[in-house]
Each structure stands twice: as structure tokens, then as C-alpha cells.
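Rule-based calculations on the coordinates, nothing more; no lab input. Just so you know, these numbers come straight off a predicted model, no measurement behind them. Neighbour counts run over all protein chains shown; Cβ positions are idealised from the backbone, glycine included.
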Amino acid sequence: MNEDLILDLLSSNLLYLLGAALLIIVVLKGVRIVPQSEKYVVERFGRLHSVLGPGINFIVPFLDVARHKISILERQLPNATQDAITKDNVLVQIDTSVFYRILEPEKTVYRIRDVDGAIATTVAGIVRAEIGKMDLDEVQSNRAQLIGQIQTSVESAVDDWGIEVTRAEILDVNLDQATRDAMLQQLNAERARRAQVTEAEGQKRAVELSADAELYAAEQIAKARRIQAEAEAYATEVVAKAIAENGIEAAQYQVALKQVEALNALGNGDGKQTIVLPAHALEAFGDAFKMLKGGK
């Protein structure tokens, strides 16, 4: 009797334990805690059912399975080098780097197998196509524009895979040695040409400045002569006016004034010379002094 009771108790306890274990398993299977940097792709009976975002999520135990755990962090493809030919038939090697992240993991999982390889192949083809549209000089000088065109084209190509291309970079543009030598010769020739042009422009400027200086000097001389002529004309006009108003006396007054000034100049010489004058000259000076005295 006791043995039957013990067996019944053990059986009931075992059932409770199995029920508790089953409940724990159901809870563990039905609850999914997704990290912030990931998304889970859930399948039901082998087909896509839902995508679980970060946080606590509930699924149907034993029916739903979190088949794929996808990181949504930004990724960088390994740096790649591909050959390309420019529009002017120059062979170049382009080093590229691409950054991307997965936005819709259900597309990435079921539409593409090797994401990195697919993006790398797409980038290589787009780079060759874009380089083929540009001359070498444009590739070197318009790198930012080229990067923008490549990124736009890559984004358009990978949109069906649920991927966002966040950045595309051209790290370097390499040329073969023969092309480098030719470009160096061209650069040296261009520098020599610019030096000659600069020297010629300097000489031209010097000639222009010299001509401007001579023209300025001639203008100033002409201006001084014009002022002198105007002054002489004004003095003549004043004398003529005085003669017209006062008659011959004004003219005699001016002549007497000039005679006295001449005599003073002779008397003030360095050697204090003795001046011998004829009698009629003395009489003329005497008359001049009288006129000046009378004029005063």
C-alpha cells in the first residue's frame, strides 16, 4: 500500500516537473531578446514570417524559428583595386573603398548569397564605366564628382538587396611608369611656357610704365609752358592796357624801370666793376630816375 502511494506521489511530482520544464522551454522558445545592433529573420515552416527588431519579441514556440541573425552595423568592404581605361585611352588603377549597412535583412538573406562579393563586383563595374566617360585630367581634378556618381550608381544597383551604401571613396589613382614620364614632361613644358609668358608680360609692363612716365613728363612740361605763356600774355595785356589808358608815358615808365633794374644788376656784380657810359646814356638814366621818382 505504501509503495503504491509512493509511486503515485513520484508520478505526480514527475508530471509537475515535466510540466514546469516544458513551460520553461516554451518561454525560452517564445521569447527573443534582440540586441540593438542586430535584426532577426524569423521563419515559420521554412518560409519568411517576420523580422524582429531590437528589444523583447515574442514568437510561437516550435513553429517560429529565428533562422538568421543579421548585424545592422555599418560595414567596410576590403579595399579593392581595379583597372580602368579613361576616355583618352589611358590605363589607370583605381583603389576604392565602400561602406554599407543592411536596412532590410529579409531582402539581403533571400536575394543574395555573398553580399560583400556582390557589392565589390558591382562597384568594380560602375567604376570602370564612370572612368571610361572621363579624360585623365578630369579623373584627377574632379574626384569628388566621380565619387558622387559612383555612390549614386552603386546605391541604385544594390537597392533590391535591402542595402544602403553610406560612403564610397577613391583612395588613389595610379598610372603606369610610361604615362607618368609623359605627364612629367608635359608638366615641365607647361612650367617653361608659363615662365616665358610671365617674363614677356613683365617686359611688356616695364615698357608700358616707361612710356607712361615719358608721357607724364611731356604733359607736365607742356603744362608748365602753357602756364608761362599765359603769364606772359597776361603781362603783355596789362602793359598794352596801361599804354592804351595812359599813353606814351606808361611805356616810357616801363622802359625806365627796366633801365634802372639793369643798372642795379651791373652794380651788384662780384667785382664791383667800374662802368663807363656815354653821356647820352647818363642822360637817359637821369630821365629814367626822374620818371620813376615822378611816378612814385
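Here are a few things to note about the model shown:
- Residues LEU14, LEU52, LEU91, sorted so that the one with the fewest Cβ neighbours within 10 Å comes first: LEU14, LEU91, LEU52
- Extension gain (nm, one decimal) between THR166 and GLU232, 0.36 nm per residue minus Cα-Cα: 14.9 nm
- For THR166, the residues 5 or more places off, or on other chains, whose built amide H falls under 5 Å of its own are PHE99, TYR100, ARG101.
- Simple label model, 7 Å out from Cα along Cβ direction - ARG111 to ASP181, nm: 5.0 nm
- Calculated FRET efficiency for the pair GLU214/GLU190, C-beta based, R₀ 41 Å, to 0.05: 0.65
- The value of relative contact order for the range 42-192, using C-alpha pairs under 8 Å at least six residues apart, is 26 percent.
- Relative contact order [Cα under 8 Å, 6+ residues apart], the range 74-156, whole percent: 32 percent
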